[in-house]
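*Asks:* Below is a structure I'd like to ask you about.
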Amino acid sequence: MKARLISAAVLLLALARLATADSGAQSIKVATIHYNIPDVELVRDDGRRVRLTEEMNDGRPVVLNFIYTSCGSVCPLMSQVFGRFQHELGAASRDVHLMSISIDPEADTPARLREYALKFGAQAGWQHYTGTLRASVAAQRAFDVYRGDKMSHAAVTLMRPAPGADWVRLDGFATPAELMQRYRGMMAPK
C-alpha cells in the first residue's frame, strides 16, 4: 500500500511538471549523440521476432523510449507523452516510427505490451518491444539508459531523423509540445 502511495505521489509530481512545462518552469537537458545500435533480437507487441537494427533502419525517423508496464512513475507519463505526440502528428504519424522498449522483458510479454499500448492510445507506427533480458540490457547500454535496476530508470527520449544520423537525446520529462518542437527542428531542412 505504501509503495502505491509513493508511486501515485511521484506520478502526480510528474504530471504537475507536465502541466507547467509549457510555461518554462523547468527544462530538459538536450544533447546530440551518435549511438551504435546493437544487432539484437527483440519481440514486437504483435509477437513478431525482429532485429533492432532493421526496425530502427526502416527509413523512417525514430522516436524511442524505454519503459516497463508495471511502472507506477516515469513510464506512464512518458507513454502519455508519446500518445499525445502521435496524436498531434496526425496523418504524418504513419511516417514516424515510435518505439518503446521494455526494461522488464521477463514480465512484459507481447500481450501485456499490447494491453499497455491501448491504455495510451497507441496507433499504427508505435510499437512496443520485449525480448530476452540480455537483449534489453544490450539496447539500454547502447543508448546509455541502463541503470542496473528497473526502479532506477530515468525519463529519456531519443530521436533520430534518419538511419545513420546522430540522435537527439532528451533527458527529463519532455512534454508533447517540447517533443513536437524538437522533432520539427530535427526534421527541418538544413
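The numbers here are math on the coordinates, done by the rules we state, and not lab data. Fair warning: this is a prediction, and the values are worked out from it, not measured in the lab. Cβ coordinates were reconstructed from backbone atoms using ideal geometry, including for glycine residues, and neighbour counts include every protein chain displayed.
*Asks:* Which residue, chosen from I67, A92, V40, occupies the Cα position most advanced towards the positive end of the dipole of the chain, where the dipole is computed from +1 (Lys, Arg) and -1 (Asp, Glu) charges on Cβ about the Cα centre?
*Replies:* Towards the positive end, the residue furthest out is I67.
*Asks:* Let me ask another. Where the only charges are on Cβ atoms (+1 Lys, Arg; -1 Asp, Glu), what is the dipole of the chain about its Cα centre, to the nearest 20 debye?
*Replies:* Once rounded to the nearest 20, the dipole reads 240 debye.
*Asks:* While we're on this one: Based on other C-beta atoms within 10 Å, arrange R44, R49 from fewest to most.
*Replies:* Ranked by crowding around the Cβ, least crowded first: R49, R44.
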